[in-house]
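The values are calculated or read from the model by the stated rules, or taken from the named source; none is laboratory data. All values derive from a computational prediction rather than experimental measurement. Positions of Cβ are backbone-derived with ideal geometry, glycine not excepted, and every protein chain shown enters the neighbour counts.
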Amino acid sequence: MSEVTADELSVGGSASAKGGRVLSAVLPGLPQLLVGRWGAGLTALLVWIGALVIVATDLGRVRAAFGGPWDAQLAVGGLLLSLAATWLWSWRDVSRPRQHKQVGVSQWDLAVIAFSKNRTAVAGLIVIVALYLVALLTPLISPYDPAFQGDLLTERYVGLSVQHLLGTDQYARDVLSRLLYGARISLLIGFVAVSISVTIGTLLGAIAGFIGGFVDGAIMRFVDIVISFPRLVLLITIIALFQPSIFLIIAVLGLTLWPGTARIVRGEVLSLREREFVQAATALGYSKTRIILRHLIPNALGPVIVAATLGVGNTIVLEAGLSFLGLGVQPPTPSWGSMVAAGRNVLLNAWWLSTFPGLAIVFTVLSFNLVGDGLRDALDPRLRS
Amino acid sequence: MSDRTGTPLLSVRDLRTWFFTDQGVAKAVDGVSFDLAAGETLGIVGESGCGKTVTSLSVLGLLPRPPARVMEGSSVRFGGEELVGASESRLRALRGNEISMIFQEPMSSLNPVYKVGDQIGEALRLHRGMNRKAARTETIRLLDEVGIPEPAQRVDEYPHQLSGGMRQRVMIAMALSCEPQLLIADEPTTALDVTIQAQILELLGSLRESHGMAVLLITHDLGVVAEVCDRVVVMYAGQVVEKGTVQEIFAEPAHPYTRGLLASLPSVDNPGLRLASIPGTVPNPTRWPEGCRFMARCSEAGEGCEVPQALIRLGRDDRVARCWRVAP
């Protein structure tokens, strides 16, 4: 167990301010990287260079995207925003003398420090940030339209080449483009479904734990019922009954994943409500709602964040599984699971069809799990080393 | 020493708080009565498990129901208003505003995720309708008043950055924030070391005078009682066994239990003397003894003790003891 000292709170110390500024103006992130803050530095530098490359190589496309569909406009907005944010962050970071933060070091600050020392977890976080950026910027960077078909006679099953970096599929579509668009689906479903389930689970768990008695019994029996449905069978049934769509999948996943969170939060709240600060809050005349929302839930949030991060990974696998079975997002919308399925029959002849979406799933889920594990260690003072 | 004209600020009559558990009915508080005048300090003393804390929590209606239940016939009047059976919203309006409470364990009585200033500020904004800025100014003033150095900086500290004594001061500041008429202090110094204890007691005493509030002090420490209280209620096994002024309790303790507590205090006059202790422990609250509840541990027990004991007046209404031997 090492104590976190005030010194470490100003991570890195000061690069010589003037040289740092010049460097930061050209390559934001590099000054931080040089003083050993590789996590923040690398992220900033990658975002900056990546965004500049997009602008430099494809300015015409960026211009065209202004008048394009909403996702293209969103991508342009995201591009400009990430350029501006990276530059400003690095500039401020370099110019402002990093004061030793001694007053008001919260437990979150301590957790951030512990997390930033965990190299694998930070690496995972960088991958996740990069993935979400790529997903956002897809309309600007994908080489082809995901539904664009080449010449079916000559361009089917083309291997890795300069025109098609990751080859083409059975309809002569570009695998890389489809992979990029597929990332949007997977990440969106993972994020939104988990947000829904975490919100429901946290609220219900906190109410059950704090009120107790009949309310607790009713909520937790409901949790038992939801948990006892075989999730995959439930999903397949619901999707078979209705037209499969991305919203249906998000709704079904979101509404079936919350019982785990509810149980975690209830357990936390059960122990928290015996703590004296909750009694003190009651003695100050605070309402039940205020105590639950302001005093209990923030204290129970650590394990929820960990569970949510791991949950995003699980949800992405689940969605890939559904798509693999043909029950997920329907063609021609690309999704990693359905791409793996499409390449399954031609694995020996066109290995790239299944391999790359498969790798994408593996790395994405791995990153979420690494970050989740890192958060678990960082948020639990007993596990901080 | 205190002004006891008119109706008392707090009047507890025949309070019985029972816990209905799987092991049986625990009669944690079993017929307790006492009065507390405005501006007065009343100490409730007794060993662990004799019902002090349950009494104080019953006043504010803070006990979880079930298993706890304040039984029929109990009465807690605050400023003439009956609190037993009062609606939750009415109690909520009283808590923090009119009656505040500080707790034993300063380590866990502050919320770890908020800055201490925000926690005091929350009470101010909620009860006194202040805006963020006014609440911050007032918070700094309160922190200063309870003797926290550099309040303008401490206001932005998190609880884990403060020492136990500092946290207890923060708790007191929070309890004072709405100028309550009654402050219930449940073992406020037990978890602190001796030097800090003295400071906190001194602080409570001076705040009581400057704010003119009444204090109900729960403690097992007769030394604390001697220092700050006007009157004392000694509790044993869920009952009041003796009441009196501090001078009376210390000079002429009437009940054997009170004498036992006093004998277990270290004495300045005879420093070499071995401290006396009361043999045994408080009996199980689900099975109080039939007769005198103290009999099994009493050095003076004998014939006449196996029947239930009543409180016997020793001169005044508020000078009583629960032992047949004191009868004039």
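Points worth noting:
- The set of residues in the stretch B:103-126 being hydrophobic (A, V, I, L, M, F, W, C) and within 9 Å of another protein chain (Cβ to nearest Cβ) consists of B:Phe103, B:Met107, B:Leu110, B:Val113, B:Ala123, B:Leu126.
- The stretch A:202-229, residues that are under 30 Å from A:Gly328 (Cβ atoms) and in a helix (DSSP H, G or I): A:Thr202, A:Leu203, A:Leu204, A:Gly205, A:Phe222, A:Val223, A:Asp224, A:Ile225, A:Val226, A:Ile227, A:Ser228
- Across the stretch B:263-287, the qualifying residues are those that are surrounded by 15 or more Cβ atoms within 10 Å (Cβ to Cβ) and of a type in the set (A, V, I, L, M, F, W, C), and the one among them that is farthest from B:Cys298 (Cα to Cα) is B:Ala263.
- A residue that is more than 19 Å from the chain's Cα centre (by Cα) and β-branched (Val, Ile, Thr) can be found somewhere in the stretch B:283-292.
- Qualifying residue in the stretch A:175-184 (condition: over 25 Å from A:Leu235 (Cβ atoms), touching a Gly at 6+ places or on another chain (Cβ under 9 Å) and at pLDDT below 90): yes
- Condition met for A:Ala111 (within 14 Å of chain B (Cβ to nearest Cβ), farther than 19 Å from A:Asp174 by Cβ and touching a Leu at 6+ places or on another chain (Cβ under 6 Å)): yes
- Number of positions in the stretch A:285-296 that are of a type in the set (S, T, N, Q) and more than 10 Å from every other protein chain (Cβ to nearest Cβ): 1
Residue-wise test of (1) touching an Asp or Glu at 6+ places or on another chain (Cβ under 6 Å); (2) not aliphatic (A, V, I, L, M).
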| position | (1), (2) |
| --- | --- |
| B:Ala276 | no, no |
| B:Thr286 | no, yes |
| B:Gly291 | yes, yes |
| B:Met295 | no, no |
| B:Glu303 | no, yes |
| B:Ala310 | no, no |
| B:Arg313 | no, yes |
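- When A:Pro146, A:Pro139 are checked against the criterion of being surrounded by 14 or more Cβ atoms within 10 Å (Cβ to Cβ) and under 21 Å from A:Arg344 (Cα atoms), A:Pro146 stands alone in meeting it.
- Residues in the stretch B:175-209 that are within 13 Å of B:Gln104 (Cα to Cα), touching a Leu at 6+ places or on another chain (Cβ under 7 Å) and in a helix (DSSP H, G or I): B:Ile200 only.
- Residue within the stretch A:97-113 that is assigned to a helix (DSSP H, G or I) and over 27 Å from B:Tyr158 (Cα atoms) present: no
- The residue that is nearest to B:Pro283 (Cα to Cα), among those in the stretch B:39-60 that are assigned to a loop (DSSP other than H, G, I, E, B) and either in contact with a strand residue (DSSP E or B) (Cβ under 8 Å, 6 or more places away or on another chain) or of a type in the set (S, T, N, Q) (or both), is B:Cys50.
- Qualifying residue in the stretch B:244-267 (condition: of a type in the set (Phe, Trp, Tyr), more than 20 Å from the chain's Cα centre (by Cα) and either within 26 Å of B:Leu57 (Cα to Cα) or modelled with pLDDT of 85 or more (or both)): no
- A:Val47 meets the stated requirement of being at pLDDT 80 or above, surrounded by 13 or more Cβ atoms within 10 Å (Cβ to Cβ) and assigned to a helix (DSSP H, G or I).
- Cβ pairs under 6 Å, 6+ apart, first in the stretch B:238-257 and in contact (Cβ under 8 Å) with a residue 40 or more places away in the chain, second buried (at least 23 other Cβ atoms within 10 Å of the Cβ) and part of a helix (DSSP H, G or I): B:Val241/B:Tyr257; B:Glu242/B:Thr258
Residue-wise test of (1) at pLDDT 85 or above; (2) more than 20 Å from B:Ala175 (Cβ to Cβ).
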residue: B:Ser75; (1), (2): yes, yes
residue: B:Val84; (1), (2): yes, yes
residue: B:Gly96; (1), (2): no, no
residue: B:Ser108; (1), (2): no, no
residue: B:Asn111; (1), (2): yes, no
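- Residue within the stretch B:131-138 that is at the interface with chain A (Cβ under 9 Å from one of its Cβ atoms) and buried (at least 20 other Cβ atoms within 10 Å of the Cβ) present: no
- Test: residue in the stretch A:316-325 that is assigned to a loop (DSSP other than H, G, I, E, B), more than 21 Å from A:Leu131 (Cα to Cα) and away from every other protein chain (no Cβ under 13 Å): yes
- Selection status of A:Gly212, over 25 Å from the mean Cα position of the chain (by Cα) and at positive phi: yes
Let's see how each residue does on (1) free of Cβ contacts under 8 Å to residues at least 12 places away in the same chain; (2) within 14 Å of chain A (Cβ to nearest Cβ); (3) acidic (Asp, Glu); (4) closer than 15 Å to B:Asp14 by Cα:
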| residue | (1), (2), (3), (4) |
| --- | --- |
| B:Leu42 | no, no, no, no |
| B:Gly46 | no, no, no, no |
| B:Gly61 | no, yes, no, no |
| B:Pro66 | no, yes, no, no |
| B:Glu82 | yes, no, yes, yes |
| B:Ala93 | yes, yes, no, no |
| B:Gly96 | no, yes, no, no |
| B:Met101 | no, yes, no, no |
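- Candidate set: the stretch A:230-284, residues that are within 14 Å of chain B (Cβ to nearest Cβ) and outside any helix (DSSP H, G or I); chosen: the one surrounded by the fewest Cβ atoms within 10 Å (Cβ to Cβ): A:Glu274
- Every residue from the stretch B:164-192 that is closer than 12 Å to B:Pro106 by Cβ and charged (D, E, K, R): B:Arg167, B:Arg169, B:Asp186, B:Glu187
- Hits in the stretch B:289-328 - residues which are among the β-branched types (Val, Ile, Thr) and not in a loop (DSSP other than H, G, I, E, B): B:Ile312, B:Val320, B:Val326
- All conditions in (1) in contact (Cβ under 8 Å) with a residue 60 or more places away in the chain; (2) within 11 Å of chain A (Cβ to nearest Cβ); (3) not in a loop (DSSP other than H, G, I, E, B) hold for B:Ile172, with the sole exception of (2).
- Within the stretch A:165-181, the residues that satisfy the criterion of being over 18 Å from A:Leu347 (Cβ atoms) and touching a helix residue (DSSP H, G or I) at 6+ places or on another chain (Cβ under 7 Å) are A:Leu165, A:Leu180, A:Tyr181.
- Members of the stretch A:182-226 that are among the hydroxyl-bearing types (Ser, Thr, Tyr) and surrounded by fewer than 23 Cβ atoms within 10 Å (Cβ to Cβ): A:Ser195, A:Thr199
- Of residues in the stretch B:26-72 being over 15 Å from the mean Cα position of the chain (by Cα) and basic (Lys, Arg), the one modelled with the lowest pLDDT: B:Arg65
- Among the residues of the stretch B:153-166, the ones that are more than 10 Å from chain A (Cβ to nearest Cβ) and in contact with a helix residue (DSSP H, G or I) (Cβ under 6 Å, 6 or more places away or on another chain) come to 1 in all.
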